[in-house]
1. Answer yes or no: is there a residue in segment 517-533 that is of a type outside the set (G, A, S), at pLDDT below 90 and surrounded by fewer than 17 Cβ atoms within 10 Å (Cβ to Cβ).
2. Among residues belonging to segment 461-489 that are open to solvent by 20 Å² or more (accessible area, probe 1.4 Å) and within 16 Å of T526 (Cα to Cα), point out the one that is modelled with the lowest pLDDT.
3. Look at segment 129-146 and say how many of its residues are surrounded by fewer than 22 Cβ atoms within 10 Å (Cβ to Cβ) and part of a loop (DSSP other than H, G, I, E, B).
4. Please give the number of the condition V704 fails out of (1) over 33 Å from the mean Cα position of the chain (by Cα); (2) closer than 24 Å to R748 by Cβ; (3) surrounded by fewer than 20 Cβ atoms within 10 Å (Cβ to Cβ); (4) of a type in the set (V, I, T).
5. Given the structure, is A780 aliphatic (A, V, I, L, M) and farther than 24 Å from Y678 by Cα?
6. Working only within segment 367-409, note down all residues that are polar (S, T, N, Q), open to solvent by 20 Å² or more (accessible area, probe 1.4 Å) and free of Cβ contacts under 8 Å to residues at least 40 places away in the same chain.
7. Output the number of the condition that G698 fails; it satisfies all remaining conditions of (1) without any contact (Cβ under 8 Å) to a residue 60 or more places away in the chain; (2) open to solvent by 10 Å² or more (accessible area, probe 1.4 Å).
Amino acid sequence: MVKQLLWLVCALGMFCTSVAAQATSASPTPSPTSKAGSAADTIKRAIIPPEKAQPIVVPRFDKPPVIDGKLDDEVWKRAVVLKDFLQTYPGDNIAPSKPTEMMIGYDARTFYMAFHCYDEPDKVRATVAKRDQVFGEDNVRIFLDTFNDQRRAYVFGFNPLGVQADGIMTEGSGTDFSVDIVMESKGMITTDGWTLEVAIPFKSLRYEAGKGKLWGIHVLRNIDRFNDETDSWMPVSRDIASQLSQEGHLTGLEGISTERTLEVIPSVTLSETGKRVSALSVAQLAANPTLLDPGRIVNQPIKADIGVTAKYSLTPTVILDLAINPDFAQVEADQTVVTANQRFPIFFDEKRPFFLEGIDIFRTRIRAVHTRAIVDPDLAVKLSGKRGKNTFGLLLASDNAPGNFSEDERHSSALPAIQRFLDKNAYIGILRLKRDIGKASNIGLLLTSYNFIEKHNQLGGIDGRFQISKQETFSFQVLGSISRRCFPEPALDTHRPGPSDGCFAGYSPIPGDAFRPASTRNYYRTGKGLAYAFGYSRDGRHFYYGLSGNGQTQDYRADVGFTRRLNTNFEGGYAGYQSEQKPKAKMISWNVNANAGTNFNWQGLSQNAYEEVSISANFQKNTYLGIGQDVSYERLFEEEFGLKRTTTHGGAFFGGPERSAYQFGPYMYGGTRPSKKYALNFFIGEGLNSFDFDFGAGPKYPRVSPAALANPSAPLDPGPGTSFNFELSGNYKPTNELAMSLSYSRNRLKRNDTHLLAYQDDIYSFRSTYQFTRFLFLRARVDYDTLSSNARGQFLFGYTPNPGTAFYLGYNDDLTRNGFSPFTGQLEPGFRRNGRTFFIKLSYLIRRSFGK
């Protein structure tokens with residue numbers, strides 16, 4: 001297996017290097033009048049005016065402007081002015097609806113920008129928005145490619161009141177707005193539109209500067225009421241897939257201070273948590289099992305978490321991060337999602353600042369790095385940066401979560417089995433290397449290591465992304481893993497003696513394991529696995545298409561990452577047509593898309609095949625509408641759910657070892673944002689012959705398969721049914737300071753054979769934020785899930801003057817309404833409190849510079 005893996009890695013590496021060589025080899029550029037028949041020759045290139053084709057020299061200021069949004073400082077008269085913007089959406093490099101001017105300058109320590117956006121002041125759309133949420137109203141966006149590599153750029157966004165958004169845009173991967181950069185901005189609405197001033201310290205950026213060095217730059221303005229009109233300083237061709245390859249350039253950034261910066265953020269969180277416990281003794285419950293146990297709330301001792309994170313800029317391109325007992329408590333909980341009838345794990349995004357710093361370096365086509373796998377580190381260190389054509393990242397962490405058992409577990413009958421794991425740490429390492437090739441291509445290496453008692457996982461492989469032409473890209477990744485841990489063995493006899501001592505509490509990646517009469521036995525052994533992914537895309541003005549694939553073998557593991565499914569391959573493709581956009585027409589544009597694909601396991605058996613067609617249209621007032629239909633054929637194999645039947649034992653399924661069904665799924669979606677006050681979005685879909693996996697959905701919805709109705713302990717009996725999914729969300733902003741949103745979703749599934757409801761889950765979510773100022777806010781969030789009968793309330797007061805400095809005062813409440821007792825399983829009418837938490841969190845950014 002190892003030899004084949006190495007051969008495949010080397011073969012793909014040589015193939016992709018060949019592709020890169022072809023993509024970057026010197027070849028004459030066809031003239032606009034060429035009659036050659038290749039696709040590249042028909043690309044419509046935007047005409048770049050001479051003044052924009054040459055690098056813009058940024059002047060050096062002798063004194064800094066006052067960042068107050070007024071543009072009345074004398075120093076702005078020395079700034080270089082970018083003007084003559086073009087409307088690139090919905091129009092195609094036509095005259096904008098309103099003119100825009102941008103001014104740029106710098107001094108030894110700071111990069112300055114200013115905007116004058118001409119408009120009718122009473123029609124400007126702007127609110128005191130939350131940071132990073134300025135793109136649903138009027139705004140400006142600046143892309144700064146500080147290494148001029150056309151691969152990665154900072155994204156800075158600002159609304160007319162100066163509220164900030166910041167992120168990292170990576171070609172082929174989108175934009176990550178989890179980054180928070182220390183900078184200063186101020187905006188104001190004026191009699192002729194709105195103005196903005198921005199100061200970004202160079203020490204907040206990673207960059208290369210000096211004589212002869214260039215920065216790439218894209219400048220965009222959004223006018224929301226004109227169907228989210230986008231005006232760009234540089235002309236943008238829709239025939240070219242890459243955005244950064246069409247950027248303008250800045251030069252003249254010389255004599256910048258080479259000071260090194262140390263940032264230290266001490267933090268403390270004080271919290272008191274109340275938890276519901278049984279009000280009756282074990283003896284009382286044993287004597288009278290029907291006795292209702294109301295429970296009681298017991299407050300735990302006040303908990304203090306003290307930690308510190310630090311960041312030191314070794315050079316303008318290399319950063320060292322350190323976290324000692326960091327406070328990784330999330331201020332806001334994860335979104336409530338449907339968990340019923342789920343075969344595979346649900347993905348949740350990383351939200352913790354330490355891991356978000358430079359996270360784009362570690363992201364690859366396969367999710368082999370997902371830092372939420374590092375649950376509760378007491379020590380973490382990270383080194384990341386770029387030198388020339390080489391990008392690198394190294395992350396090391398010690399995680400105490402695997403050995404941090406609760407007090408109940410420590411005093412339970414399971415103590416002898418968990419004794420060797422108590423208070424032990426897992427050790428994690430991640431190494432990422434990437435090298436730029438040619439003009440817009442790269443190849444990389446990823447290595448990860450996870451080590452805990454009787455759970456060891458080492459992973460490594462290569463990846464690459466290649467710009468074959470201005471419209472075509474190809475990317476790939478191949479990973480191999482070797483693990484020493486517990487593995488499920490569906491086909492082996494559960495009564496056979498085996499080395500399973502290290503498999504405490506079992507290894508059950510499949511939901512519903514509690515319903516299996518004989519669950520899969522786990523064996524502690526060595527396993528080797530393979531994962532791969534590739535993608536090809538061609539994006540044009542009207543036509544676009546692509547191919548993609550990925551797969552994981554049964555023993556592949558990425559314990560520092562996220563893997564949804566094992567023993568599967570997916571290969572598929574898509575194609576579509578985008579109409580020409582007509583800014584003044586009632587229907588601005590329309591799109592037709594078709595895609596198809598198939599899943600099959602490594603034994604060659606088909607798991608799923610589908611075809612999907614959709615059509616959508618964009619209208620005036622930021623309105624869109626779409627419909628679609630998917631047709632599929634799905635097969636289920638019992639070994640994916642538990643035991644595989646043999647001559648000596650039964651399998652995980654009742655009856656036959658396989659289930660299959662043809663499935664049909666029509667759907668419709670749409671939305672509108674006619675003003676800055678209102679927005680509405682919806683989705684509605686039906687699935688004919690969607691599978692009920694027969695897991696049941698808690699006490700409200702026990703299993704309803706024919707086998708389970710006859711015997712609740714029977715093996716799983718999956719079967720097709722009719723599913724329904726409806727989602728509706730609305731936003732309301734009655735004032736510039738107050739924003740509210742309400743969302744509702746319904747998911748239900750009714751079996752065909754028994755005509756009984758497998759589950760129905762209605763989720764309500766209300767959020768409201770009042771921004772007293774850009775930095776001071778009050779937020780409320782209430783979620784109610786009918787399936788779990790759970791209602792959660794979260795109330796937060798916050799002051800966040802800059803990234804790193806924050807004060808939070810919060811209260812979280814967890815209640816059950818008409819739910820079931822966790823102690824007796826009986827129905828409890830009305831509300832019951834499960835727990836509550838009150839917390840105070842403080843952190844403060846200390847920033848010091850050393851050197852020139």
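1. Scanning segment 517-533 turns up at least one residue that is of a type outside the set (G, A, S), at pLDDT below 90 and surrounded by fewer than 17 Cβ atoms within 10 Å (Cβ to Cβ).
2. E489
3. Qualifying residue count, segment 129-146: 6.
4. Against the list (1) over 33 Å from the mean Cα position of the chain (by Cα); (2) closer than 24 Å to R748 by Cβ; (3) surrounded by fewer than 20 Cβ atoms within 10 Å (Cβ to Cβ); (4) of a type in the set (V, I, T), V704 comes up short only on (3).
5. On the way: aliphatic (A, V, I, L, M): yes; farther than 24 Å from Y678 by Cα: no.
It is false that A780 is aliphatic (A, V, I, L, M) and farther than 24 Å from Y678 by Cα.
6. Residues satisfying the conditions are N400, N404, S406.
7. Result: G698 fails condition (1) only.
Condition check ((1) of a type in the set (D, E, K, R); (2) in contact with a Phe, Trp or Tyr (Cβ under 6 Å, 6 or more places away or on another chain); (3) not in a strand (DSSP E or B)) across all residues:
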residue: L680; (1), (2), (3): no, no, no
residue: G685; (1), (2), (3): no, yes, no
residue: L688; (1), (2), (3): no, yes, no
residue: F695; (1), (2), (3): no, no, yes
residue: A707; (1), (2), (3): no, yes, yes
residue: P712; (1), (2), (3): no, no, yes
residue: N725; (1), (2), (3): no, no, no
residue: S729; (1), (2), (3): no, no, no
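The values are calculated or read from the model by the stated rules, or taken from the named source; none is laboratory data. Predicted model, so just to flag it, every value in this text is computed and none were measured. Cβ coordinates were reconstructed from backbone atoms using ideal geometry, including for glycine residues, and neighbour counts include every protein chain displayed. Ligands, DNA and RNA are stripped out before the accessible areas are found, and what is left, the full protein with its side chains, is counted by its heavy atoms. Shrake-Rupley method; radii C 1.70, N 1.55, O 1.52, S 1.80 Å.
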